[in-house]
Amino acid sequence: MQEHGVYAHGVVVRNKVIWGRIITVRPIVRFATQHGQMIEKLSTAGSAFAVPRYPQGTKVVLLYDPEDPHEFMIESADSSYI
């Protein structure tokens, strides 16, 4: 992804709590690809606490796979939330 990925700006639209042996909170991110396709998907980034790592409304910079934009990773977030 680092070599062929494309950067985009996105926003956390909400968080999903995943219940299990460890409670995890993961963000659902919305962003537009370089071709204008809107993607909204659950990120693999999260925290193993009941407090979201990326609260709703957090602006993020992400790197996505241009061949499959549903594959992405958050690179950084608005510094007011970190």
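The values are calculated or read from the model by the stated rules, or taken from the named source; none is laboratory data. Here the structure is a predicted model, which means the values were calculated and not measured. We place every Cβ from the backbone using ideal geometry, glycine too, and count neighbours over all the protein chains shown. Remember, those area values only see protein heavy atoms, side chains included, never the ligands or the DNA or RNA. Shrake-Rupley method; radii C 1.70, N 1.55, O 1.52, S 1.80 Å.
For region 27-82, relative contact order (Cα pairs under 8 Å, six or more residues apart, normalised by length) works out to 30 percent.
Multiply the residue separation of ARG30 and THR44 by 0.36 nm, subtract the distance between their alpha-carbon atoms, and state the gained length in nm to one decimal. Before the final figure, lay out each step's value.
Details: separation 14, 0.36 × 14 = 5.04 nm, distance 1.37 nm.
In short, 3.7 nm is gained.
What do the square roots of 5 times the Cα gyration tensor eigenvalues come to for the chain, in whole Å, largest first, as semi-axes of the equivalent ellipsoid? All intermediate terms of the calculation are to be shown ahead of the outcome.
On the way: eigenvalues 99, 35, 25 Å².
In descending order, the three semi-axes are 22, 13, 11 Å.
Here the chain is assigned +1 on the Cβ of each Lys and Arg and -1 on the Cβ of each Asp and Glu. Its dipole about the Cα centre then comes out at about 560 debye.
For THR58, the residues whose amide H sits under 5 Å from its own are VAL12, ignoring neighbours fewer than 5 places away on the same chain, with H placed 1.01 Å from N. Per residue, the chain exposes 66 Å² of solvent-accessible protein surface, assessed with a 1.4 angstrom probe and all protein chains in place.
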